[in-house]
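Values quoted throughout were computed directly from the atomic coordinates according to the rules given, and no laboratory measurement underlies them. If you're wondering where the values come from, they're calculated on a predicted model, not measured in any experiment. Every residue, glycine among them, receives a Cβ derived from its backbone with ideal geometry; neighbour counts consider all protein chains shown.
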């Protein structure tokens with residue numbers, strides 16, 4: 001599977017997104033909540049892929065919560081870049097990644113599709129994310 005790498009501006013947060021999908025098969029989603037609008041999001045994911053988030057300095061990572069608080073919005077405290085949302089769930093976790101933080105983001109040319117999820121219950125939100133988001137882990141730096 002191809003691996004798309006990326007991260008925040010200062011490289012405190014790095015990601016490795018493994019997927020068989022090509023950039024033209026991944027339609028970014030733009031949540032319409034106030035947080036996502038302010039961050040001009042374009043979230044991509046692949047339930048058949050994998051996502052690894054590596055933190056160089058975990059103390060410089062903010063895990064912001066909004067709404068019902070079941071997901072961490074992962075933000076670098078150094079450079080302010082929002083890299084994606086991460087949802088711990090039972091034995092694992094699921095995440096999405098912002099297309100614009102990928103090193104080869106210019107390949108992701110599909111426009112973001114606005115999505116509104118305000119009417120979902122917690123169980124509906126978890127079920128949708130399990131089905132659509134990418135299995136994920138967050139690791140401290142291996143260096």
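When the Cα convex hull of the range 3-140 is projected onto planes of every orientation, the mean area is 7.6 nm².
Taking a ≥ b ≥ c as the square roots of the eigenvalues of the Cα gyration tensor, the range 5-64 is oblate, since a/c reaches 1.5 or more and a/b is not larger than b/c.
Distance from the alpha carbon centroid of the range 78-140 to that of the range 48-70 works out to 10 angstrom. Approximating the spin labels as points 7 Å out from Cα along Cα→Cβ, the residue 137-to-residue 120 distance works out to 2.5 nm.
With both labels modelled 7 Å from their Cα along Cα-to-Cβ, the residue 103 to residue 79 distance reads 1.3 nm.
Suppose R0 equals 22 Å. What FRET efficiency, 1/(1 + (r/R0)^6) with r the Cβ-Cβ distance, do residue 57 and residue 3 give to the nearest 0.05? Step by step, r from the Cβ atoms, then E = 0.45. Under the simplified labelling scheme, the residue 50-residue 66 pair shows an inter-label distance of 3.0 nm, with each label point 7 Å from Cα along Cα→Cβ.
Based on C-alpha pairs under 8 angstrom that are at least 6 apart in sequence, the chain has a relative contact order of 32 percent.
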